[in-house]
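Engineer: Okay, handing you the structure first.
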Amino acid sequence: MIANRIKPILDNLISLSQSAFIPGRLILDNVIVAYGVNHYLDHKYQGKSGHASLKLDLSKAYDRVEWNFLERVLLRLGVASKFVNLIMLCVTSVSFCFMLNGKPFENLQPARSLRQGDPLSPYLFLFCAEGFSGLVRKEEEAGTIRGVRVCRNGPRVTHLLFANDTLIFCDATREALSLIQGLVTRFEKGLGLQVNY
């Protein structure tokens with residue numbers, strides 16, 4: 001029920017750099033954009049500066065989501081606090097029971113994570129990923145990260161998100177790559193994730 005209430009607002013809250021699980025968007029959209037940018041980079045032979053394309057994979061993405069980070073992102077995106085409280089109640093009221101030597105072991109309550117198979121989890125993870133997208137956009141607006149422009153008047157593409165995978169495009173300079181690494185580290189610490197480079 002909550003997942004169905006979230007779906008209609010995703011398009012307004014999640015940036016265009018994310019295409020997975022959002023009604024009206026196809027993950028294939030970002031695949032096509034990524035192909036176009038990488039094709040451009042593979043065939044670019046002129047110019048003074050090069051560009052870098054980085055692929056990041058979030059290891060065990062759902063298992064590592066910190067609940068307080070999720071709550072902060074939802075509130076920062078403008079989701080009503082009553083709705084955030086309802087979502088957080090669903091997320092934090094989970095308990096697990098294990099069998100040990102054929103006997104039930106006491107219920108355990110996790111301190112973080114999103115449940116695999118829960119219809120709400122993919123949408124909640126999109127909100128978490130939007131936290132990283134916001135960091136990249138902020139640096140782009142400040143002019144410290146420049147994406148790739150495949151044609152003279154085209155938009156710059158700085159990053160594309162595919163649920164728990166991310167592609168980042170930037171200048172191939174130590175400064176830009178160091179900045180990206182710093183953003184990834186901040187995101188890892190805030191969300192509790194580990195990035196596979």
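Engineer: For the stretch 150-197, give me each residue that is assigned to a strand (DSSP E or B) and β-branched (Val, Ile, Thr). Before the answer, list the steps.
Structural biologist: Of the residues in the stretch 150-197, the ones assigned to a strand (DSSP E or B) are 157, 159-162, 165-171, 194-196.
Passing the criteria: VAL157, THR166, ILE168, VAL195.
Engineer: Being hydroxyl-bearing (Ser, Thr, Tyr) and in contact (Cβ under 8 Å) with a residue 60 or more places away in the chain is the filter; apply it to the stretch 32-53 and report the residue that is surrounded by the fewest Cβ atoms within 10 Å (Cβ to Cβ). Break it down into steps so the answer makes sense when it comes.
Structural biologist: To start, the set of residues in the stretch 32-53 that are hydroxyl-bearing (Ser, Thr, Tyr) comprises 35, 40, 45, 49, 53.
Now restrict to residues that are in contact (Cβ under 8 Å) with a residue 60 or more places away in the chain: 40, 49, 53.
On the way: TYR40: 17, SER49: 9, SER53: 15.
Only one residue fits best here, namely SER49.
Engineer: Let me ask something else. How many residues are modelled with pLDDT of 90 or more and charged (D, E, K, R) when one looks only at the stretch 39-65?
Structural biologist: Selection size over the stretch 39-65: 1.
Engineer: A follow-up question, please. Return yes or no: is ASP118 of a type in the set (Asp, Glu), over 18 Å from GLN18 (Cα atoms) and surrounded by 13 or more Cβ atoms within 10 Å (Cβ to Cβ)? Before the answer, list the steps.
Structural biologist: On the way: of a type in the set (Asp, Glu): yes; over 18 Å from GLN18 (Cα atoms): yes; surrounded by 13 or more Cβ atoms within 10 Å (Cβ to Cβ): yes.
It is true that ASP118 is of a type in the set (Asp, Glu), over 18 Å from GLN18 (Cα atoms) and surrounded by 13 or more Cβ atoms within 10 Å (Cβ to Cβ).
Engineer: I need the full set of residues from the stretch 16-27 which are of a type outside the set (Phe, Trp, Tyr), assigned to a loop (DSSP other than H, G, I, E, B) and in contact (Cβ under 8 Å) with a residue 12 or more places away in the chain, in order please.
Structural biologist: Here is the first cut: in the stretch 16-27, the ones of a type outside the set (Phe, Trp, Tyr) are 16-20, 22-27.
Checking which are assigned to a loop (DSSP other than H, G, I, E, B) leaves us with 16-17, 19-20, 22-26.
Correct list: SER17, SER19, ALA20, ILE22, PRO23, GLY24, ARG25.
Engineer: Turning to a different aspect of this structure: Answer yes or no as to whether GLU141 is surrounded by fewer than 17 Cβ atoms within 10 Å (Cβ to Cβ) and modelled with pLDDT under 90. It would help to see each step written out before you state the result.
Structural biologist: Details: surrounded by fewer than 17 Cβ atoms within 10 Å (Cβ to Cβ): yes; modelled with pLDDT under 90: no.
It is false that GLU141 is surrounded by fewer than 17 Cβ atoms within 10 Å (Cβ to Cβ) and modelled with pLDDT under 90.
Engineer: Then there's this: Please find, among GLY131, GLY102, the residue that is among the small types (Gly, Ala, Ser) and under 30 Å from THR158 (Cα atoms). Show your work before the answer.
Structural biologist: Details: GLY102 fails: under 30 Å from THR158 (Cα atoms).
After applying the criteria, what remains is GLY131.
Engineer: Restricted to the stretch 159-197, and to residues that are of a type in the set (S, T, N, Q) and in contact (Cβ under 8 Å) with a residue 40 or more places away in the chain, which residue is surrounded by the most Cβ atoms within 10 Å (Cβ to Cβ)? Break it down stepwise before answering.
Structural biologist: Kept after step one, since they are of a type in the set (S, T, N, Q), are these residues of the stretch 159-197: 164, 166, 173, 178, 181, 185, 194, 196.
If we keep only those that are in contact (Cβ under 8 Å) with a residue 40 or more places away in the chain too, we end up with 164, 166, 173, 194, 196.
On the way: ASN164: 19, THR166: 23, THR173: 14, GLN194: 12, ASN196: 10.
Ranking the candidates gives THR166 first.
Engineer: Just give me the residues in the stretch 83-121 being within 18 Å of the chain's Cα centre (by Cα), part of a loop (DSSP other than H, G, I, E, B) and among the hydroxyl-bearing types (Ser, Thr, Tyr), in sequence order.
Structural biologist: Answer for the stretch 83-121, where residues must be within 18 Å of the chain's Cα centre (by Cα), part of a loop (DSSP other than H, G, I, E, B) and among the hydroxyl-bearing types (Ser, Thr, Tyr): just SER113.
Engineer: A further question on this structure: In the stretch 1-15, how many are within 17 Å of VAL73 (Cα to Cα) and part of a loop (DSSP other than H, G, I, E, B)?
Structural biologist: 2
The values are calculated or read from the model by the stated rules, or taken from the named source; none is laboratory data. Bear in mind the structure is a predicted one, so any value in this text is a computation, not a measurement. Cβ coordinates were reconstructed from backbone atoms using ideal geometry, including for glycine residues, and neighbour counts include every protein chain displayed.
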